[in-house]
Amino acid sequence: MSLRFKKAGLAVLTALVLGGPLLQGCASTADPRLSAAVDDKPFYAWFNNLTSQVQADSKYKRIPLDTPEQSSEFMGWLHDAYRHRITKQEFAERVRNRYPNHEYETSFIVSRMP
């Protein structure tokens, strides 16, 4: 049952993070950082690989990205770290501060960054 919730949570995260721009269309309120992340093909491929690894890891617990704003913020941080605009340590610190009790998940993601 727990695995079903993890997969469902990951599907919701992916839908929120990657589907947000589609739902927002051409609205001026679209987060340009999210659009940049989605349009970055190497990042998108890496992100898809990361989501596959998350699904395969039984210890990984869903980070509570429950709103489009939270998902957009997280994806912006992730894209910035992937593109070395912030360090892996800065990414980890931001996630730990915003989502305490997700040390394993943060380390999991950071360890897979290029």
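Sorting THR87, THR67, THR51 by the number of Cβ atoms found within 10 Å of their own Cβ, with the fewest placed first, yields THR67, THR87, THR51.
Sorted ascending by nearby beta carbons within 10 Å, beginning with the fewest, HIS84, HIS79 become HIS84, HIS79. Between ASP66 and ASP40, the simple label model (points 7 Å from Cα in the Cβ direction) yields a spacing of 2.8 nm. Shape verdict for the stretch 50-104, please, from the Cα gyration tensor: rounded (a/c under 1.5), prolate (a/b greater than b/c) or oblate. Verdict is rounded for the stretch 50-104.
If Lys and Arg each add +1 and Asp and Glu each add -1, what is the summed charge of the other residues whose beta carbon sits under 14 Å from the beta carbon of ASP39?
Here the charged neighbours net out to +1.
In summary, the aspartates and glutamates within cross-link reach of LYS88, defined as a Cα separation below 16 angstrom excluding same-chain residues under 8 places away, comprise GLU73, ASP80, GLU103, GLU105.
As a calculated quantity, the FRET efficiency between LYS88 and LYS59 at R0 = 25 Å, using C-beta atoms, amounts to about 0.80.
Each reported figure results from applying straightforward, stated rules to the coordinates on display, with no laboratory input. Note that this is a predicted model, so its numbers are computed, not measured. Neighbour counts are summed over all protein chains in view; Cβ atoms, including those assigned to glycine, are modelled from backbone coordinates with ideal geometry.
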